[in-house]
Structure formats: structure tokens, C-alpha cells
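Here's the structure, in C-alpha cells; my notes come after.
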Amino acid sequence: MEISIILPTYNEAQNIPLVTERIRKVLDEAKISHEIIVADDNSPDMTWQIAEKLRKKIPHLRVLRRMVNKGLSPAVMDGFRAAAGTYMVVMDADMQHDEKVLPEFVEKFRAGADIVVGTRKASGGSIEGWSRRRRFISWGATLLAKFFLPRSPSDPMSGYFGISRDLYHEIADKINPRGFKILLEILSHSRNKKLEEVGYTFSPRVHGESKLSGSVILQYLIGLYDIRFGKIIPLRFIKYGMVGASGVVVNQAGLYLGKAFLSMANENSLLMGIEVSIISNYFLNNYFTFADRHRKGFRGQFYGLFLFHLVSIAGAVINYAVAILFSEGFGMNIYIANLIGIALATVWNFMLNIQWTWKEK
Ligand code: GDD
Ligand code: MN
């Protein structure tokens, strides 16, 4: 088996019979021994079932009906794992990726390439019928990848790419399929490997619809950050900082609410702002910063909130005392006094965490 074609699918019922037939034809004509692996996420339109039926016509077609850990990247990883070919190529199942250049992929591999990227920008590559917005996004993402990655092909967002089995096994345990772009992950772990490109024309989609939305672009950017800087400043720390910044706003808003709407005394308003921000920080951290291990259920939440209060208590006291001192003692505007209190509490929390929670060994 020389090449395994991996087709991740989600609702491609109309496309799957056409695309598999095209691939089979091209590779048979070029006398390249191959298999096709459909990695379907249990599509509601029964793509997996239709693909199963095609097995009568197309030898070496296999179907993975995936029930857990859904998503494009994990589906591709499952495809790699199941593949038997010396080379493995990932393609869209919607005929947007021109199958006629598959023999070129194989030639590049035979000549020693470790990674081959189908690119819409190399000679022969073009983009038919793309909106200006999509062109812009693609251009921006490409620029960023060039900046972030040690080495980048001219179309780093490409979903049409191949990897040799040898390289796959060398880096398989380092590839993190959490993100969206497996190719980026592969490239970031393949420093001194031979990278080749094959140009092709990216056609418009005929059946079904695109699954890649705006949020995918965001995930792409997060993925890039993580690959390049994740080890220096972990993503989690950035998220923690963002939550902290939101807490400043919530704290001040709580103070304002107490004073302006509930006509509470400064002292109680300050306490309310602090408490409200601790609670909102807890929930934001739980579902955003620590989304991968968030606490669940009433008891779990309650206990988590309790722990978070324990950790926050000294900072809260500093926040309160400083705000009172500056406003009552020195007659400063209470919101500015509160801001100073928050700043000092943040410094304290930071020192506490360095000295205690994450003490150097
Ligand atoms: N198993 C599985 N699970 N397959 C999926 C999923 C998923 O969650 N989401 C999408 N797919 C499949 C689709 O069925 C299709 O075969 C392929 O992955 C690509 O999805 P499309 O929805 O066709 O993406 P696109 O055409 O908008 O985007 C193309 O261009 C991007 C660059 O701009 C693709 O080639 C992308 O890979 C590429 O990054
Ligand atoms: Mn597509």
C-alpha cells in the first residue's frame, strides 16, 4: 500500500460517492496502490452509511464512524492511526481539493519529501470564487504563520497535505490535536524535514456547506500562539490575566451599584464590589481559564468557590483596607482609591503565589 487518502467528513453525503470515485480513478490510472479512509463524525446525513455501501464498488475503502472526541483534527489523527500507506494525504471530501494532482504528491514523496502541502498559491494554484473577506483572512493567516513558524509553506492553512509514515511515527506523540490545524502542529515539530509543495486550483463547493466559520479563524490564531509562545507564556496565564482584568471592571461596577443605586455606605459598597468580583472571577476562570478541568455540579461548584475565597481572602483585605485608607483618610475619589487597592491586592496575590502556590523547588 503506497498511499492512504484520508477524508475527514461531516455531512458530505452527496459528495462522498463522487469524491471517492474520482480518487480511485486517478490513482488506478497512475497505477498507485492506495486506500481511502473516511473519518466521519457520525454525520446526521448518514455520510458514514453511504460510504459503507460504497465499499462494494471501491476496494480498499474503509469507514471510521466516530462517536467520541469529535472535530476535524481528531478525525484526521484517527485517519493517520488507521492508515496503512507509506504516505498519507488528507483531503476535503467536497471536491474542493483537486484530486488530479495526487500523483504529483506521490512523486514528491518518492523523491524523498517528508511533508507535501497542496497549495493554492504555487504555480498552477489559484482560488476560484472566493469572497474578498475570505481572501483577506487567508492572506492574514498566512502572514502570521510565516512570522510564527520556523518554516512555513506558502499556504500554511491548507487542508490538503500529506506526511510520510516515517515522519508521522517520529512525531505522533508530540502532535496535539486540540487545535484546528494539524498541519501547523506537524510543521512545528518538523524542523529539519523536507517540505515540498504541489499547486492546484481550489474549486468552489458544489454540494453541502462549509463547516469552517469565523470561530475557526480565532482557534487558528490561538493555535498559532500556543505553538510559538505557549511554552514561554502559557495560554492559561493569558486567560487568567484577561479574567483578572474583567474583575477590575466588575469590582468597580459593584462599588458603583452599591453607592449610586442602593445608597449603601462606602464601606459596604467596597465590600460588595470585591465580593462580586471574586465570584465572577471564579466562574470565568472555571469555564474559561480552566475549561478543560472545570468543576461541575452544585457541590463541586460550591467547594470550588470556597477554595477560591480562601485564596483571595488576603488580597481582598488589602483591597478593602487600602481603598478605605485613601478615600476616608486622604479624601481621595473612592473609585481611584479602589483601583489602587485592586492594584496592590494584585501585587500581593502575585507575591503570594510565587512564594507559596508555585514556589520554586
Ligand atoms: N470528521 C469531521 N469532523 N470532519 C469535518 C469536521 C468535523 O468536525 N468539520 C469539517 N470536516 C470535514 C468536511 O466535511 C470537509 O470534508 C473537510 O473537513 C473540510 O471542511 P470544509 O467545511 O469543506 O472546509 P472549507 O472548505 O470551508 O475550508 C477549506 O479551506 C481552509 C483554508 O481556508 C479546508 O480545506 C480547510 O482544511 C482549510 O484550512
Ligand atoms: Mn471544503
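The values are calculated or read from the model by the stated rules, or taken from the named source; none is laboratory data. Predicted, not measured: the structure shown is a model, and the values here were computed from it. Cβ placement follows ideal geometry from the backbone for every residue including glycine, while neighbour counts extend to all protein chains displayed. Please note that ligands, DNA and RNA were not included when accessible areas were found on the heavy atoms of the full protein model with its side chains. Shrake-Rupley method; radii C 1.70, N 1.55, O 1.52, S 1.80 Å.
One table, with the values for the structure above:
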item	result
Candidate set from region 291-339 (those that are polar (S, T, N, Q) and either free of Cβ contacts under 8 Å to residues at least 24 places away in the same chain or open to solvent by 80 Å² or more (accessible area, probe 1.4 Å) (or both)); member that is nearest to Ala245 (Cα to Cα)	Asn333
Number of the exception - Phe161 against (1) within 16 Å of ligand 2 (Cβ to nearest atom); (2) under 18 Å from the mean Cα position of the chain (by Cα)	(2)
Filter pass, Glu196 being modelled with pLDDT of 80 or more and within 15 Å of Ala113 (Cα to Cα)	yes
Those residues of region 76-94 which are β-branched (Val, Ile, Thr) and within 15 Å of ligand 1 (Cβ to nearest atom), in sequence order	Val76, Val89, Val90
Of the criteria (1) without any contact (Cβ under 8 Å) to a residue 24 or more places away in the chain; (2) within 16 Å of ligand 1 (Cβ to nearest atom); (3) open to solvent by less than 40 Å² (accessible area, probe 1.4 Å), which one Leu218 fails	(3)
Some residue of region 265-278 being at pLDDT 95 or above, among the charged types (D, E, K, R), assigned to a helix (DSSP H, G or I) and assigned by TED's automatic domain parsing to the domain that holds Ser327	yes
Filter pass, Ser203 being of a type in the set (Gly, Ala, Ser), within 11 Å of ligand 1 (Cβ to nearest atom) and open to solvent by less than 70 Å² (accessible area, probe 1.4 Å)	yes
Close pairs (7 angstrom Cβ cut-off, 6 or more residues apart or separate chains): within 15 Å of Val90 (Cβ to Cβ) in region 1-25, within 11 Å of ligand 1 (Cβ to nearest atom) and open to solvent by 20 Å² or more (accessible area, probe 1.4 Å) anywhere	Pro8/Leu72; Tyr10/Lys211; Glu12/Gly208; Val19/Met95
Considering residues of region 165-204 that are closer than 17 Å to Val101 by Cα and of a type in the set (Gly, Ala, Ser) only, the residue nearest to ligand 2 (Cβ to nearest atom)	Ser203
